[in-house]
Amino acid sequence: MATLTAVQILAYALASALFLGHLLTTRPGATRVARGVLLIAFALQLVDIGIHCAGGENPVSSTREAVGFVGFLIAGAFLLAGLRYRLSAAGAFAVPASLTLLVLARVVPAEPGAPRMGALGMTHVFLATLGVAVFAFAAVLAVLYLREETRLKKKRFDRMATDETPLATLDGLGLRCVSVGFPVFTLALVTGAVWIARLGGLAASEARRPEYLMAVAAWLAFGVLLLARVGAGWRGHRAAWLTLGGFAGLFTVLLLYVLRSLS
Amino acid sequence: MPGGIDFAVLGLSHKTAPLDVRERLASAPEQIGEILRGFAGLEPVREVALLSTCNRVEVYLAAPDPDAAIAALRRHLAERAGVEELELANHLYARVDVDAVHHLFRVAASLDSLVIGEPQILGQVKQAHDDAIAHRTAGGVLAACFSGAFRIARRVRRETEIARNPVSISSVSIEFARKIFDGFQGRTVLLVGAGKMGDLAARALHAHGAEVVVTNRTLSRAQEVAARIGGRTHPFEDLHGALVQADIVIASTGARRPLLTRPLIEAAQKKRRGRLLFLIDIAVPRDVEPEVAQLANVFVADIDDLQRLADEHRDGRRTQADRAEAMVEQEVARFLEGYRGRRVGPTIVALRDRVLETARAEAERAVAALPGLGEREQRAMFDLAEAIAKKLLHRPQVALKKGGGDPVDGPSLVTAAQRLFELDVPEEGGAGGTAEAGEKPGETSAESVRPAGQAVGR
């Protein structure tokens, strides 16, 4: 089991290095190797998840598993999107994100005394995981958008690769991610709230836990983004920054969860 | 370095001849057949192909005496063009043997082009060879040389980045636009003013599926341009309305002051709900106010940006071209090796045929002269003859295989073998031949001394 984890992490690390290398050298054909390595890493993680499931530990049964699962979904989304769009540059952001999450998940110790979550709890964790993964991918697209935009504004052509994704595609894909992620994340918040209420509600001190507030703030940011996009025509530059802001909030939530389970 | 290839090229290009001379020799596609037949009718010419583009006219030929063929061709060309042979000779260059192969390889790899790395030339070289095949003036030598040329061209394209980036202003503009938009289908291009370069870029975008709207201070001029490109016009007074519809704006007016100001674009962007806008400013003085570039989701490229991008690409191509030249050298060396091997192969086959045939004939005579020999004795007789013949063949065969490919001694060694044994080796080439002709020794050779049809098991 430990070997499988190590190999997985190694494969993700190699794929990250290859995608980052591609970003710096922009040699055509280099991404095919990177993509291949990522596919192997992805398959290994799938096997790992399968083994955990067989052992009664499904991907949303605990924070630890869910964090790794978010990374898995990001890698999957990147591989899938790569079939239709030229997104090799996104690999330099998406794959290291998957790697980080996987390592985080393996660092967090299993929670032996954790209460059984029940169907509602698992639904909440599953939806939250899915929502975070989709938003994470939107954030990757936003980073790419801003990077490409800066280059075009400054007319730094020397490193302009011909296989970059056009701004319009990045912007459109980002919007699609947010409009899928928002309802999913909304449901995650609702199920979370109901779940906690069923467990007997929160003490006043617990209700002000920073991760809850942060999650609601991130949810609001994405909501504003969708509204502004439809209502006021916010797109491109501002939409990308707002996406990043929202995701930063979510990432903090994730980090707080991990830290709390470590302590 | 002599390569023993009966191949030559005579031609002129943008490097040696001005346009008016090239024009005289240029030919329309429907004339190719007649011209090729004219060339092929010249005494020393065995095979011939004509490469005619706007930058070069070159005749590639195979002939046992390339120099004589070139002289005859030069006269023929001067007559056709209606100029003095001496005058034409100033612009013509001739290469023979390996140098001609080297030249063809460079041309096909787009290293000799006006714009290095431009992609059309390979298609044109292919067309030249196809024409020669269609008009039955191509043969084995041309097939071998041209297929070598296609190989190096593909290799250069694959292994270098020579043709990766465009170098003309209009194609650079389109390349820039591709970084912003995912294709031009359904996009609207607004052409402000009617300069020639704007015209070119708009036309190219239209070819990619964009709708073109033309606006100009003089309506009649706008209508003229719109009709030519296949677009529609928009009143110049309503520039705001035109901007609201546009995704890409190409500005090339002769206005003294910037026409597309920041307030104007800002207002349009509000109406456009912040959709991406790309302004290509190819006017001097500029049509787009520099402050416009600060607006979100608006991108501006002026003539200097585009020119710089084109220049950078051109420099990049030159660096890549050095790598490509080295590849051409390698491929020429490889080609020569293969070509010489092809000359040696048929000679070895002929030598085996001759010796084994002789041995069999002698064995048959001996058997006929000794009536009453049993089947075993007859077989022994044939086997003996074959064994002696093969022993004797071994050393010359090895010597030919080893030495036949030598650039200096090879040709004379092969010729000596052919003379000593009176071998009738078909010359390379002949109309309708292919590059692979003669490459499969053994298939047609006599492999055994035993009479045909006598199945004898050992």
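List every residue pair whose Cβ atoms sit under 9 Å apart, with the two residues 6 or more apart in sequence or on different chains, where the first one lies in segment B:210-233 and is without any contact (Cβ under 8 Å) to a residue 60 or more places away in the chain and the second, anywhere, is assigned to a strand (DSSP E or B) and acidic (Asp, Glu).
B:Gly231/B:Glu211; B:Arg232/B:Glu211
Condition check ((1) free of Cβ contacts under 8 Å to residues at least 40 places away in the same chain; (2) of a type in the set (D, E, K, R)) across all residues:
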{"site": "B:Glu23", "(1), (2)": "yes, yes"}
{"site": "B:Glu34", "(1), (2)": "yes, yes"}
{"site": "B:Ala40", "(1), (2)": "no, no"}
{"site": "B:Glu43", "(1), (2)": "yes, yes"}
{"site": "B:Glu47", "(1), (2)": "no, yes"}
{"site": "B:Val59", "(1), (2)": "no, no"}
{"site": "B:Ile70", "(1), (2)": "no, no"}
{"site": "B:Ala78", "(1), (2)": "yes, no"}
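Which fully enclosed strands (runs of 3 or more DSSP E) of segment B:239-353 have 1 or more residues being within 24 Å of A:Ala168 (Cα to Cα) and of a type outside the set (A, V, I, L, M, F, W, C)? So that I can check it myself, show each step before the final result.
On the way: elements: B:248-251, B:277-281, B:298-302.
So the answer is B:277-281, B:298-302.
Give the residue, chosen from B:Ala94, B:Ala143, B:Ala163, B:Ala78, that is part of a helix (DSSP H, G or I) and within 19 Å of the chain's Cα centre (by Cα).
Numbers: B:Ala94 fails: part of a helix (DSSP H, G or I); B:Ala163 fails: part of a helix (DSSP H, G or I); B:Ala78 fails: within 19 Å of the chain's Cα centre (by Cα).
Among B:Ala94, B:Ala143, B:Ala163, B:Ala78, only B:Ala143 is part of a helix (DSSP H, G or I) and within 19 Å of the chain's Cα centre (by Cα).
Select, from A:Ala133, A:Ala138, A:Ala128, the only residue that is more than 11 Å from every other protein chain (Cβ to nearest Cβ), more than 22 Å from B:Leu295 (Cβ to Cβ), in a helix (DSSP H, G or I) and modelled with pLDDT of 85 or more.
Values: A:Ala133 fails: modelled with pLDDT of 85 or more; A:Ala128 fails: modelled with pLDDT of 85 or more.
Only one candidate passes the filter, namely A:Ala138.
Mind listing whichever residues of segment B:146-160 are in a helix (DSSP H, G or I), within 14 Å of chain A (Cβ to nearest Cβ) and over 30 Å from B:Ala202 (Cα atoms)?
B:Arg158, B:Glu159
Return the residues of segment B:296-317 that are acidic (Asp, Glu), within 9 Å of chain A (Cβ to nearest Cβ) and open to solvent by 30 Å² or more (accessible area, probe 1.4 Å); say none if nothing qualifies.
B:Glu312
Which one is nearest to B:Gln245 (Cα to Cα) among residues in segment B:196-226 that are under 35 Å from the mean Cα position of the chain (by Cα) and basic (Lys, Arg)?
Filtering first and then ranking leaves B:Arg203.
Tell me whether segment B:100-123 contains one or more residues that are touching a Leu at 6+ places or on another chain (Cβ under 9 Å) and open to solvent by 40 Å² or more (accessible area, probe 1.4 Å).
Looking through segment B:100-123, none of the residues is touching a Leu at 6+ places or on another chain (Cβ under 9 Å) and open to solvent by 40 Å² or more (accessible area, probe 1.4 Å).
Could you list all residues from segment B:186-199 that are surrounded by fewer than 19 Cβ atoms within 10 Å (Cβ to Cβ) and either assigned to a helix (DSSP H, G or I) or modelled with pLDDT under 90 (or both)? Before the answer, list the steps.
Step one: filter segment B:186-199 for residues surrounded by fewer than 19 Cβ atoms within 10 Å (Cβ to Cβ), giving B:186, B:188, B:196-197.
Of everything in segment B:186-199, those that are surrounded by fewer than 19 Cβ atoms within 10 Å (Cβ to Cβ) and either assigned to a helix (DSSP H, G or I) or modelled with pLDDT under 90 (or both) turn out to be B:Gly186, B:Lys196, B:Met197.
Does B:Glu23 fit the bill of being touching a Ser or Thr at 6+ places or on another chain (Cβ under 9 Å) and not polar (S, T, N, Q)? Steps first, answer last, please.
On the way: touching a Ser or Thr at 6+ places or on another chain (Cβ under 9 Å): no; not polar (S, T, N, Q): yes.
No; evaluated as a whole, the condition is false for this residue.
Hey, among the residues in segment A:218-235 that are open to solvent by less than 50 Å² (accessible area, probe 1.4 Å) and out of contact with any Phe, Trp or Tyr (no Cβ under 8 Å at 6 or more places or on another chain), which one's farthest from the other protein chains (Cβ to nearest Cβ)? Can you show your working first?
So in segment A:218-235, the residues open to solvent by less than 50 Å² (accessible area, probe 1.4 Å) come out as A:218, A:221-223, A:225-226, A:228-229, A:233.
After this cut, where a residue has to be out of contact with any Phe, Trp or Tyr (no Cβ under 8 Å at 6 or more places or on another chain) as well, the list is A:221, A:229, A:233.
Numbers: A:Ala221: 18, A:Arg229: 9, A:Gly233: 3 Å.
So the residue we want is A:Ala221.
Restricting attention to segment B:210-218, does a residue exist that is modelled with pLDDT under 90, within 14 Å of chain A (Cβ to nearest Cβ) and surrounded by fewer than 21 Cβ atoms within 10 Å (Cβ to Cβ)?
No, that holds for no residue.
Only one of (1) open to solvent by less than 20 Å² (accessible area, probe 1.4 Å); (2) in contact with a strand residue (DSSP E or B) (Cβ under 7 Å, 6 or more places away or on another chain); (3) of a type in the set (Gly, Ala, Ser) is not met by B:Ala293, so which one is it?
(1)
The values are calculated or read from the model by the stated rules, or taken from the named source; none is laboratory data. If you're wondering where the values come from, they're calculated on a predicted model, not measured in any experiment. Every residue, glycine among them, receives a Cβ derived from its backbone with ideal geometry; neighbour counts consider all protein chains shown. Each accessible area value is taken on the protein alone, full model and side chains, heavy atoms only, with ligands, DNA and RNA left out. Shrake-Rupley method; radii C 1.70, N 1.55, O 1.52, S 1.80 Å.
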